[in-house]
């Protein structure tokens with residue numbers, strides 16, 4: 001009697017690609033940067049509407065901080081840096097930070 005041939009099905013292994021970890025861009029309130037300037041930066045850098053930008057600015061003013069938007073880490077850091085630099089260039093202590101989204 002000949003030996004039995006056992007065939008195993010081939011299993012394709014797909015590498016798991018994880019989505020990049022997202023980071024929040026946070027506007028930190030200060031008492032020196034004019035509201036209009038903050039709204040202008042939010043509109044320019046984060047593409048917010050007038051209404052959205054105003055609400056983010058007021059929330060940061062009332063609560064101390066406000067999440068502006070969420071992006072992959074490198075995009076969040078770039079946008080936060082550019083927005084903070086816009087404040088510095090105009091002589092204001094405007095500050096944006098980033099932190100991992102939980």
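Among the candidates 45, 77, 36, 18, which residue alone is within 18 Å of residue 101 (Cα to Cα) and assigned to a helix (DSSP H, G or I)?
Sole residue among the options that is within 18 Å of residue 101 (Cα to Cα) and assigned to a helix (DSSP H, G or I): 77.
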Considering the stretch 57-73 alone, what residues qualify as being touching a strand residue (DSSP E or B) at 6+ places or on another chain (Cβ under 9 Å) and either loosely packed, with under 14 Cβ neighbours inside 10 Å or without any contact (Cβ under 8 Å) to a residue 40 or more places away in the chain (or both)?
57, 58, 59, 60, 64, 65, 70, 72
Quick check on my filter: what residues within the stretch 74-102 are surrounded by 13 or more Cβ atoms within 10 Å (Cβ to Cβ) and touching a helix residue (DSSP H, G or I) at 6+ places or on another chain (Cβ under 8 Å)?
79, 82, 83, 86, 87, 90, 92, 94, 95, 96, 97, 98
Could you tell me which numbered condition residue 54 fails, if it satisfies all but one of (1) surrounded by fewer than 19 Cβ atoms within 10 Å (Cβ to Cβ); (2) without any contact (Cβ under 8 Å) to a residue 40 or more places away in the chain; (3) within 15 Å of residue 96 (Cα to Cα); (4) over 16 Å from the mean Cα position of the chain (by Cα)?
(3)
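Only the coordinates and a few stated rules stand behind these numbers; no lab work does. Here the structure is a predicted model, which is why all the values come from computation and not from measurement. Using ideal geometry, Cβ is built from the backbone for each residue, glycine included, and neighbour counts are taken over all protein chains shown.
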